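Comments concern the structure below.
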Amino acid sequence: MKPQQTLRRTGDFLAERFPVDKLNFASMVGKKEVPVHRLSWGYYLGGLALFFFMVQVVTGLMLLFYYQPTVSDAHASVEYITEHVPAGALVRNIHAWASSLMIASVLGHLLSAFAMKAFARPRELTWVSGALLLGITFAFGFTGYLLPWHQIAVNATKIGLQTIEEIGAYLPGQMSLWPAAIKEIIQGEATVGQATLSRFFALHVIILPLGIVAVLGAHLLSVQLHGMSQGVDDKPRRMEKFFPAFLLKDLSVWGVAFMILFVLGLCLPFESLFAYPLFEPYNPKGSTPDGIKPEWYFFWIYYPLELLPFWVILAGQGLLGVVLLGTPWIFRNTNRRTLQVLAVAAGLYLLVMTVFGETIYHLFKG
Ligand code: HEM
């Protein structure tokens, strides 16, 4: 194909996915309607992910006033926030709980968008930008986990980075050196230390926020330009006005979410769910304490890693990445019933590994 033809086809492709000439905010909001059907509860999950992200921005900025990104002061500054700053423990707990609730709502949003085939033409790039948002959201979790610089944070990060290096053993020739080089770039020095903490801090409070704002902007623009997908095969029962009906319901869901978050932040410190010694300041000379595990939202990969050969996980990860980014084209001709079954199966897998991962592990490993 001649370069001009490729350019024109790419232009046509993008023009159809981002018809910005249609961009007229007032009529878009005024005219926008949302289909009402048995899966329309799914339309609240993207909004919920957005809400929790906004909570993270506000509570994160508050924590930044006191947090010290140095190995000597990081843990002490977090303890100072928790014990001496008025409402410090509440803000910190809300930030910890909202990170888990954001990831849970993003995963729910992904599965419901998949089940509704909301990736079908012209929403392919809504999905692809969504898949990038998923990656950024998990990166927020991974980088934020290290910042308090306690035993579980540093040791779990070490294990995570070690897993990257192990990939090298399964790659041919020069490529086998790349994973170790990537680990070195992320870690910044021979072991997890000040350079790592500075890089994770920069990622968590500058680079990832800039990235998520850019990708989320494209994501929400695409949603606004195309409106909500039909969602189910049969004709939706009826259409509902986005403004004010759907928006008011969306805001009510946010209100309930905030009340739950506030009660959790007030009554159930996130760390109370784990054994305390894990939250002692990291001791580079000490031995690795028992019970080091990543955050719950990595259990779906952590336990299979503990049970299956590494190459199986690696192949599985590669396949998952291709399927996630290629979903709009791989499942283009798949009917919604099949997509709903696949979404439920994926949801059940995530749930079982998150809740029963430890039990399954001991079943196999004794
Ligand atoms: C930080 C993460 C994310 C935020 C804040 C977010 C936000 C939103 C919002 C507010 C909507 C419109 C309301 C709705 O349909 O729920 C939406 C729609 C959509 N999102 Fe996301 N999203 C995120 C991640 C994802 C992910 C991980 C995927 C899939 C890989 C995805 C795919 C979609 C699709 C396909 C739509 C169109 C839905 C439709 O038209 O019915 N999003 N997103």
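The values are calculated or read from the model by the stated rules, or taken from the named source; none is laboratory data. Since the model is a prediction, treat every value here as computed from it, not as a measurement. Here the Cβ positions follow ideal geometry from the backbone for every residue, glycine too, while neighbour counts run over all protein chains shown. Heavy atoms of the whole protein, side chains included, go into the accessibility calculation; ligands, DNA and RNA do not. Shrake-Rupley method; radii C 1.70, N 1.55, O 1.52, S 1.80 Å.
Some observations on this one:
- Helix 208-226 axis, angle to the chain major axis (alpha carbon atoms, nearest 10°): 20 degrees
- Toward the positive end of the charge dipole of segment 67-218, with +1 on the Cβ of Lys and Arg and -1 on the Cβ of Asp and Glu, the farthest Cα among 168, 191, 80 is that of 168.
- Segment 274-332-segment 137-173 distance, computed between alpha-carbon centres (Å): 9 Å
- For segment 39-148, chymotrypsin sites (Phe, Trp or Tyr not before Pro) meeting the loop criterion (DSSP other than H, G, I, E, B) and having at most 13 other Cβ atoms within 10 Å: 65.
- Cα long-axis angle, helix 336-365 against the chain (0 to 90 degrees, to the nearest 10): 10 degrees
- If the Kirkwood radius is taken over C-alpha pairs of the chain, then at 25 °C and 0.890 mPa s the Stokes-Einstein diffusion coefficient equals 108 µm²/s.
- Calculated FRET efficiency for the pair residue 169/residue 338, C-beta based, R₀ 41 Å, to 0.05: 0.65
- The chain, accessible surface, carbon-and-sulfur percent (1.4 angstrom probe): 71 percent
- In this view, the solvent-accessible surface of residue 233, computed with a 1.4 Å probe and all protein chains in place, comes to about 100 Å².
- In segment 115-253 the Cα-Cα distances spread across 5 Å bins starting at 0 as 2, 8, 13, 14, 14, 12, 10, 9, 8, 6, 4, 1, 0 percent of all pairs.
- Averaged per residue, the chain has 54 square angstrom of accessible surface, using a 1.4 angstrom probe with ligands and nucleic acids left out.
- Theoretical FRET efficiency, 1/(1+(r/R0)^6), r = Cβ-Cβ of residue 76 and residue 184, R0 30 Å, to 0.05: 0.60
- The heavy atoms of residue 165 offer some 70 square angstrom of accessible surface to a 1.4 angstrom probe.
- The packing ranking, built from the mean of other Cβ atoms within 10 Å per residue, places the peptides 100-110, 215-225 in the order 100-110, 215-225, highest first.
- Using a simple spin-label model with pseudo-atoms 7 Å out from Cα toward Cβ, residue 315 and residue 89 lie 5.1 nm apart.
- Peptide packing: for 56-64, 3-11, the average count of neighbouring Cβ atoms within 10 Å per residue gives the ranking 56-64, 3-11, highest mean first.
- Between the helical axis of 247-267 and the longest alpha-carbon principal axis of the chain there is an angle of about 10 degrees.
- For the chain, adding -39500 (n - 2.57) for each run of n ≥ 4 DSSP H residues and dividing by the number of residues yields -22000 deg cm²/dmol at 222 nm.
- For segment 223-366, the fraction of C-alpha pairs more than 20 angstrom apart is 71%.
- For the chain: relative contact order, % (alpha-carbon pairs under 8 angstrom, 6 or more apart): 29 percent
- Dipole magnitude for the chain: about 1700 debye, using +1 per Lys or Arg Cβ and -1 per Asp or Glu Cβ, origin at the Cα centre.
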